[in-house]
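We did not get these values from a lab; they are worked out from the coordinates using the rules stated. If you're wondering where the values come from, they're calculated on a predicted model, not measured in any experiment. Cβ placement follows ideal geometry from the backbone for every residue including glycine, while neighbour counts extend to all protein chains displayed.
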Amino acid sequence: MNKFEGMTIKEALCSRPVLKTPDLEEIFGRSSRTLNRWQNGELYENPMPKPFSECRGAGNNYDSGKLLGWYESWPLQKKALVI
């Protein structure tokens, strides 16, 4: 059962002060690999905030306030490649 069913992404991000990786996978419909890629500051002008604590196997913990601010800066903006 989807914990965030019927919610917009913004409502889901505001629903809890701390969100774990599986929650974000459910909210955004993306894999943990994609979430990790979105955190890469070398690729994006507005990277996803990194977790404030990392828990192997249980999912990393993210500050939902920071995630909401990041989500409001969408779309993701790729950095120009410097050759």
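Mind listing whichever residues of the range 5-22 are part of a strand (DSSP E or B) and out of contact with any Ser or Thr (no Cβ under 6 Å at 6 or more places or on another chain)?
Once the filter is applied, which keeps residues that are part of a strand (DSSP E or B) and out of contact with any Ser or Thr (no Cβ under 6 Å at 6 or more places or on another chain), the range 5-22 yields V18, K20.
Provide a single number: the residues in the range 1-17 that are hydrophobic (A, V, I, L, M, F, W, C) and loosely packed, with under 14 Cβ neighbours inside 10 Å.
Looking only at that region, the number is 1.
Restricting attention to the range 62-83, report how many residues are touching a residue at least 24 places away in the same chain (Cβ under 8 Å) and farther than 18 Å from E11 by Cα.
Matching residues across the range 62-83 total 4.
Take the range 23-61 and flag every residue that is out of contact with any Phe, Trp or Tyr (no Cβ under 9 Å at 6 or more places or on another chain), within 25 Å of K78 (Cα to Cα) and either assigned to a loop (DSSP other than H, G, I, E, B) or in contact (Cβ under 8 Å) with a residue 24 or more places away in the chain (or both).
Of everything in the range 23-61, those that are out of contact with any Phe, Trp or Tyr (no Cβ under 9 Å at 6 or more places or on another chain), within 25 Å of K78 (Cα to Cα) and either assigned to a loop (DSSP other than H, G, I, E, B) or in contact (Cβ under 8 Å) with a residue 24 or more places away in the chain (or both) turn out to be G29, S31, Q39, N40, G41, E42, L43, E45.
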